[in-house]
Amino acid sequence: MPLRHLAAAAATYLLVCIPASAAESAPDPQARHLLNRLAFGPTIEDLRHLAAVGADRYINEQLNPQSIREPPELIQRLAALDTLRLDPARLFEMYGPWRPFRGGVKPSPEEAKVRRERAKIIVQQAAEARILRATMSRRQLQEVMVDFWYNHFNVFAGKGLDHLWAGSYEEQAIRPYALGRFRDLLLATARHPAMLFYLDNAQNSAPGTRGPDGKEIGLNENYAREVMELHTLGVDGGYTQADVISLAHILTGWGLARPNLRLGTGSAFMFDAARHEFGAKVFLGHPIRSSGEAEGEEALGLLARMPATAHHIAFELAQYFVADAPPPALVDRLAARFRDSDGDIRAVLKTLFTSREFRDSAGKKYKTPDQFVLSAVRAAGVAVVNPYPLLGAMARLGMPLYGCQTPDGYKNTEAAWLSPDAITLRISFATTLAAGKLPIMSPPSDAPRPQLAADPPLAAAPEGEPVDAARLEQIFGPTLTAQTRGTIAETPAQLRAAVILGSPDFMRR
Amino acid sequence: MNRRDFLGLSAGAALAPLSRAVWAATAEGGPKRLIVIFLRGAVDGLNVVVPYGERAYYDARPTIGVGRPGTDQGALPLDGHFGLHPALAGLLSLWNDKKLAFVHAAGSPDPTRSHFDAQLFIENGTPGQNYTPDGWMNRLLAALPEPHGPTDAVSVGSTLPRILEGRLPVANLPLGPDAAKPLPIDRPEISRAFDRLYSGNDSLSEAYRQGRAARAELIGDLASEMRQADNGAPRPSGFPAEAARLAHLIGQDAHIRLAFASLGGWDTHVNQGKAQGQLANHLRPLGDGLAALARGIGAGWDDTVVVVLSEFGRTVHENGNAGTDHGHGNVIWVLGGNVRGGRVYGDWPGLATAQLYQSRDLAVTTDYRTVLAAILERHLGLGDRQLAQIFPGLPPARSNLGQMLAA
């Protein structure tokens, strides 16, 4: 390991360990609240750190993640996931289906199948990275926001070529802008092949255009509608069917570089003027001058700055971080901050985290399946070697990672996730994890990797270390209800960790 | 004119919920059941029940139009004007036995082309109103005779859909290959601790108790059935297998009166195919699954109605990519032992440009709520007052819907 990494590791270690006594002497429910919302749940280490630096500094650190050093172990584990660093063009080249025009050879069905099998590694590595970062990263808010924005601009990895690009989409279109400017995020998603393919804009062409095979192709409304309904204005944001069609015209030609075209860029995005509908347009009452690709940039920029967009994003953030039915006054303040900061996500979040409504909402949000699973692993203090049992549990609970088929993404409300089946499954997951029987601590077998959606999560496994109930009591003790504490006191010692992780208290954040 | 007279029914039917005993006595055979299958994403109904008799259909769909009956991979003839998508051949015997009907040009009066708003309106039963607190199937459950048990209504899947949200408890159960697998919570030493933790009146405790009760009623039956069915082989997944499991549950558990499942993958904006392709690949397992459901329920089929619907239809004209965009009117499927099938109900508005909704979509001539209300009335024996609670603002039914179910 290079020296500077060692130094960084030492600094991280010191930062984490020095204030240990502070956390134990001053249990602070507000600290747990912050870690339940700005992070995927509290860990002993983060509680200590927060106790040492205080809430204000912690929030500022999290809003400026580049200032936080990552654990060397995480850096090392991520370094092994090589497909995370490939650009879309390279991913297509290495893992995409063979095309007849590449050397003129059409692959045999067997070859095509082999390539499809091989390509599964891309989504597997993306999912592994997501789990590792969510459980180990100290830049927790950044990871929370990656989860939020990926879901907001959802792409289903199971649709066609999107299995090639879902990971790159997260790495290159979402992560760099997760705390940045909304307009940049919107444009990055609009241009990424994952989105172009998922919502079909890659095919959206001026009526009467001839496709590569000589067939006539034309307009496709899909992306134009969803970008207004879901990504920006919101369904009641004041657009009409005429605006949908106008935006579809504006975005004609925004598509994918054909794989045999060698472009200087690896983004695989290409504006194809030959498929663009030139001419003046009117969009949302604004005249748009005929200017090719710039029309799309203008229209998306317009959407990013509309008051309805500010309100829609403010509502979603407040719903994610505060309450299923967020206080309208808070939503209005966040929307105002969004507008006067020109869509600066960091500024909006700062207003949110320092609001009274946020402070007073501790323990009121029901965890989504991924929040439940990840927070359990973090509290347990288990290092995840094998992420598949966790991915399997998320899938079984109805929230497969990269597996939301529809562009609206997963909901984050209690009404959407609380169900009789889910609660019995969550408790069963907690029990298995607490007993050390979830096989996450040893490497996955060499047997073919399970599909993310189909791995049976609760299979018996070689005995691991049971989770230490004392550790969990240290983290949650002061915030547990009397009912839960009473039950713990009467539960045999070996089941206490299970009772905490499966308690109603732990289902909320 | 009141709706009841309009449908030609006697005015003497009870308006208040019947007791379970009376219910059983009035029903011929077992308790009446309703199964709703929701196709999320807007299935292209014009390629499901194909108006092959109309030239405008082929003009609008040069690439994706399903061929006329008798042509290569053409539609399966239904009634001289409409044909069935060939991937639904599995349903043809139900049609021929007159146990399968369609209502064409049906849909919501709300004009939205948003999947998510439109789905919400189908599920809450109040088109145009977002804030209705419950789903119409939960309101329906409340209108069915007491007592209400934990498995009166079952949703297939790991979450509870809006359509079943509401005051009355509802069970949910994924029916994938692992459906009957034992869980730690089934072990007494574990459940003892959690029974105490979840003993309050809060939403989590209620869900917990409901989940435990549903597992107790359903999992045992399912486990033995699945052991017999697979005989050690890998268990099949997909809708036909899940439908067979649902049929088994319904056959074993006389309490199940309402069931719900949803299927995705219908949002075919690109290359939807015609006789073969994307839409066909989704229709085939649906048709086979519905046939499996009908077979599996067996003797209970006469007491069962299955409704298949979607949030809206798709554009009449194919788009620039051999797909279809979001439209309006669609087709509703109705199956069951008491259905007067073999017939396409509703008023067909035609596909000429002047006949289309906003010059682009199949018009809605039958409100989806009136189709459901006709089933609730004729099959489940509900009265006007109950119907008004389930579907506030319900418009009068089209005349021929009253004939869709045997009295």
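Relative to one another, the C-alpha centroids of the stretch A:185-215 and the stretch B:237-273 are positioned 33 Å apart.
Ellipticity at 222 nm from helices only: DSSP H runs of n ≥ 4 in chain A, each -39500 (n - 2.57), divided by the residue count, give -15000 deg cm²/dmol.
Taking each DSSP H run with n ≥ 4 as -39500 (n - 2.57) and averaging over every residue of chain B yields -9500 deg cm²/dmol at 222 nm. Rounded to the nearest 0.05, the FRET efficiency derived from the C-beta distance between A:A489 and A:N64 at R0 = 30 Å is 0.10. Seen against the Cα atoms of chain B and their longest principal axis, helix B:115-124 is set at about 60 degrees.
Among residues other than A:R508 with Cβ under 9 Å from its Cβ, the summed charge is +2 (Lys and Arg +1, Asp and Glu -1).
Under a Gaussian network description of chain B, with springs only between Cα atoms under 10 Å, the residue in B:Q210, B:Q228, B:Q252 that fluctuates furthest is B:Q228. Need the C-alpha centroid separation for the stretch B:349-401 versus the stretch B:157-233, integer Å. Using only Cα atoms, the two centres lie 35 Å from each other.
For the stretch A:477-509 versus the stretch B:62-112, the spacing of their alpha-carbon centroids is 56 Å. Backbone N atoms of the stretch B:170-194 closer than 12 Å to the 7 Å Cα→Cβ label point of B:Q252 belong to residues B:179-181. Computed from Cα atoms, the angle from the helix B:188-197 axis to the main principal axis of chain B rounds to 80 degrees.
Extending 7 Å from the Cα toward the beta-carbon at both A:V114 and A:S442 defines two label points whose distance is 3.2 nm.
By the rule of a C-alpha distance below 15 Å, with chain neighbours fewer than 8 residues away ignored, the aspartates and glutamates paired with B:K32 are B:E146, B:D152, B:D253, B:D302, B:D303, B:E377. Most simply put, chain B has about 40% antiparallel DSSP beta bridges, counting only bridges with both residues inside it.
Note on the protein assembly as shown: antiparallel DSSP beta bridges, both residues inside, total approximately 50 percent of the bridges counted. Listed by chain and number, the lysines placed with their C-alpha closer than 28 angstrom to that of B:K181 are A:K120, A:K367, A:K411, A:K437; residues fewer than eight positions away on the same chain are left out. Please label the shape of the protein assembly as shown as rounded, prolate or oblate, based on the square roots a ≥ b ≥ c of the eigenvalues of the alpha-carbon gyration tensor (a/c under 1.5 means rounded; beyond that, a/b larger than b/c means prolate, else oblate). The shape class here is oblate. Between 0 and 90 degrees, the angle of helix A:293-305 with respect to the longest Cα principal axis of chain A falls at about 40 degrees.
Throughout, read-outs are computed from the coordinates displayed, never taken from laboratory work. Every value quoted in this text rests on a predicted model; they were computed, and no experiment measured them. A quick note on method: Cβ atoms are made from the backbone with ideal geometry, for glycine too, and the neighbour counts reach across all protein chains shown.
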